[in-house]
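The values are calculated or read from the model by the stated rules, or taken from the named source; none is laboratory data. Remember, it's a predicted structure, so these values are computed and weren't measured experimentally. For neighbour counting, all protein chains shown are included, and Cβ atoms are generated from backbone atoms with ideal geometry for every residue, glycine included. Note: areas computed on protein heavy atoms with side chains; ligands, DNA, RNA excluded. Shrake-Rupley method; radii C 1.70, N 1.55, O 1.52, S 1.80 Å.
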Amino acid sequence: MRKILLVLLVVAFIIGCTEPPKLEHKSSIKVSYSAEVDSLAKDGRLLLMLSSDDGNEPRFQINDGLNTQLIFGMNVENWAKDSVLTFDESVFGYPYESLKDVPPGEYNVQALLNVYETFNLSTGHTVKLPMDNGEGQKWNKSPGNLYSKPFKIRVASNGFENVSVNLDQVIPVIEEPEDTEWIKHVKVKSERLSEFWGRDIYLGAHVLLPKGFEEHPEAKYPLMVFHGHFPSDFGGFRTTPPDPNLKPEYSERFSLGGYNIIQQQEAYDFYKRWNEPDFPRFIVLQIQHPTPYYDDSYAVNSASQGPYGDAITYELIPEIEKQFRGMGEGWSRFLYGGSTGGWEALAVQVKYPDEYNGCFAACPDPIDFRAYTLTNIYEDENAYFYKSAHKTLEVPSHRNYLGQIQSTLRQGNHLELVLGDKSRSGQQWDIWEATYSPQGDDGYPERIWDKKTGDIDHDVAEYWKENFDLRHILERDWDKLGDNLKGKIHIYCGDMDNYYLNNAVYLMEDFLESTTDPYYEGEVKYGDRDEHCWNGDPDQPNAITRLRYNTMYVPKIMERIEKSAPRGADLTSWRYK
């Protein structure tokens, strides 16, 4: 009996010391779409999102900041209704590269199809891209995209299985804004762009009319072009005081309470200023020029997006001036904007020097690619990591005014790679490629660097340099451009710009201040400790000055007109009270 007990104890001890068998880690989600929402086979980018935050749908919680949620993406071609696609652990994701890396916990799951259309380009290439549908290239809001309602799943330590998602919702059509007494909306078919894209392409315009437009049919007006991201309507103009019942909202960006009320008050103040007797009478134009790559075209001609620069300058603007009695002459046109709009204002002035009489470029996207944010694309070998024999240190991409980092170049680019390959994410780094790069053999833009590793292609960088590095172009061609640009260049940037855009401005300033025969006769100014997007007012914070673009440069514009208008120019018909 004792021997039996001893044997049982030994066996129990051995069993107790043996590790239990490991459960196989397995994570997968199956996705289909219902014939009730669409019966046609689909091309596009299928996105799967997981969120541990119940505050909103997962599709509205994806970004490259610290509060991002999870996303995974794959291409689909000719995807038929009711057929099933599987997200498994091999599908690339962000911020976790694989579903196997998702931590245990409870998540809201949602899927969305960003639908692609086929374009037969005049270059002979056929490409598949997401057409803008009135939303300004926002994949999570684009009309016609399919998506699912969120539901909860639980991720265990060994993953999850048997999860199915059905796309049974369609993002609805966006209503276009209606004309008012002050603001008119115009669409112009561009022959140049329609030929390039192989289908009808329209440019949109929101036009703010001056006081007395109807009462003064004899008047002709100068034009101010406000460049920037896709405008759904003319913003920042309001004919009534702020809504007294408006609930105050806190702005995380500016750490400011009741910012929505401040915005309405500034819009109303602009309306009152616009109507003052001494305010010059201008036409103000905001342009809608989204492309299949981004919410706007960057307002220049490019290999993969087509001749947007020519279309805007030679088709859209003359039509606006014709319809609304613009002067129609280069001395009477002015450009301004911030960030993307800042780069556009300067680039358009440089590339069309005789067609415009001055630019005011605030916090412009990189205007010298030796400081492509923190990367020198001509000398650096890798964009994501600093060079070191023994240390791995990522290059930052976003900071606050204290220098605290929220994201890196690698992280932001990997998010874009999840949202779409071949520069099709609709995001910032990809639109720079779509604008600046040569067109590849497949019809898509060539990569400035490997999207996964960050290794830079210096042949592509050379193309960028000769065609879109604005400082290089000015320095190379100053003997030809200088006389036509003298007095026209004004640049403003905070010295703690969140995206390090001030670094390129420093390099541009070095060149501009070195110019002779002629000296550039413009200005470059910096906001002390100011973030993105400081635009030139040293007495007000960004939260306020960003709402005053349409009035803050007017004194400088008037000074420029008085100094440069040709003999016989109309300086009176538009100066009524």
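One residue stands out in the stretch 241-256 among those that are open to solvent by less than 50 Å² (accessible area, probe 1.4 Å) and within 27 Å of the chain's Cα centre (by Cα): the one that is modelled with the lowest pLDDT, namely F254. Every condition in (1) within 16 Å of L48 (Cα to Cα); (2) open to solvent by 30 Å² or more (accessible area, probe 1.4 Å) holds for N114 except the one numbered (2).
Contact map, the stretch 68-97: residues that are within 16 Å of M49 (Cβ to Cβ) and hydroxyl-bearing (S, T, Y) paired with residues that are part of a loop (DSSP other than H, G, I, E, B) and open to solvent by 40 Å² or more (accessible area, probe 1.4 Å), Cβ distance under 7 Å, separation 6+ or inter-chain. Pairs shown: T68/P95. Could you check, for the stretch 470-489, whether at least one of its residues is of a type in the set (D, E, K, R), free of Cβ contacts under 8 Å to residues at least 60 places away in the same chain, open to solvent by less than 50 Å² (accessible area, probe 1.4 Å) and over 28 Å from R546 (Cα atoms)? Yes, because at least one residue in the stretch 470-489 is of a type in the set (D, E, K, R), free of Cβ contacts under 8 Å to residues at least 60 places away in the same chain, open to solvent by less than 50 Å² (accessible area, probe 1.4 Å) and over 28 Å from R546 (Cα atoms).
Within the option set T392, T340, being buried (at least 20 other Cβ atoms within 10 Å of the Cβ) and among the β-branched types (V, I, T) holds for one residue only, T340. Scanning the stretch 526-551 for residues that are free of Cβ contacts under 8 Å to residues at least 60 places away in the same chain, closer than 25 Å to G236 by Cα and out of contact with any Ser or Thr (no Cβ under 6 Å at 6 or more places or on another chain) yields Y526, G527, P538, D539, Q540, T545.
What do you reckon, is A504 open to solvent by less than 50 Å² (accessible area, probe 1.4 Å), at pLDDT below 95 and under 28 Å from the mean Cα position of the chain (by Cα)? So A504 fails the test.
Please verify whether T180 is over 30 Å from F237 (Cβ atoms) and among the hydroxyl-bearing types (S, T, Y), treating the condition exactly as stated. So T180 does not fit the description; no. Scanning the stretch 150-209 for residues that are among the polar types (S, T, N, Q), under 23 Å from G228 (Cα atoms) and assigned to a loop (DSSP other than H, G, I, E, B) returns T180, S190. Of the set (1) at pLDDT 95 or above; (2) crowded, with 16+ Cβ neighbours inside 10 Å; (3) farther than 20 Å from Y401 by Cα; (4) within 24 Å of the chain's Cα centre (by Cα), all apply to L547 but (1). For the stretch 391-420, a residue qualifies if it is among the β-branched types (V, I, T) and either part of a loop (DSSP other than H, G, I, E, B) or closer than 30 Å to V76 by Cβ (or both), and the qualifying residues are T392, V395, T408, V418. Taking the conditions exactly as written (over 21 Å from M552 (Cα atoms), of a type in the set (K, R), touching a residue at least 24 places away in the same chain (Cβ under 8 Å) and touching a Phe, Trp or Tyr at 6+ places or on another chain (Cβ under 8 Å)), does R333 satisfy them or not? Judged against the criteria, R333 is not a match.
The condition of being under 24 Å from the mean Cα position of the chain (by Cα) and open to solvent by less than 20 Å² (accessible area, probe 1.4 Å) holds for only one of I283, I287, that being I287.
Every residue in the stretch 293-333 that is farther than 21 Å from K220 by Cβ and open to solvent by 10 Å² or more (accessible area, probe 1.4 Å), please. Spell out the reasoning first.
Here is the first cut: in the stretch 293-333, the residues farther than 21 Å from K220 by Cβ are 293-311.
Within the stretch 293-333, Y294, D295, N301, S302, A303, P307, D310 qualify.
Within the stretch 461-469, does at least one residue satisfy the condition of being over 22 Å from E355 (Cα atoms), in contact with a Ser or Thr (Cβ under 8 Å, 6 or more places away or on another chain) and part of a helix (DSSP H, G or I)? The answer is yes, given that some residue of the stretch 461-469 is over 22 Å from E355 (Cα atoms), in contact with a Ser or Thr (Cβ under 8 Å, 6 or more places away or on another chain) and part of a helix (DSSP H, G or I).
Residue check: E513 meets all listed conditions (1) assigned to a loop (DSSP other than H, G, I, E, B); (2) free of Cβ contacts under 8 Å to residues at least 12 places away in the same chain but one, namely (1). Taking the conditions exactly as written (under 22 Å from the mean Cα position of the chain (by Cα), under 30 Å from F72 (Cα atoms) and charged (D, E, K, R)), does K149 satisfy them or not? Considered against the rule, which asks whether it is under 22 Å from the mean Cα position of the chain (by Cα), under 30 Å from F72 (Cα atoms) and charged (D, E, K, R), K149 comes out as no.
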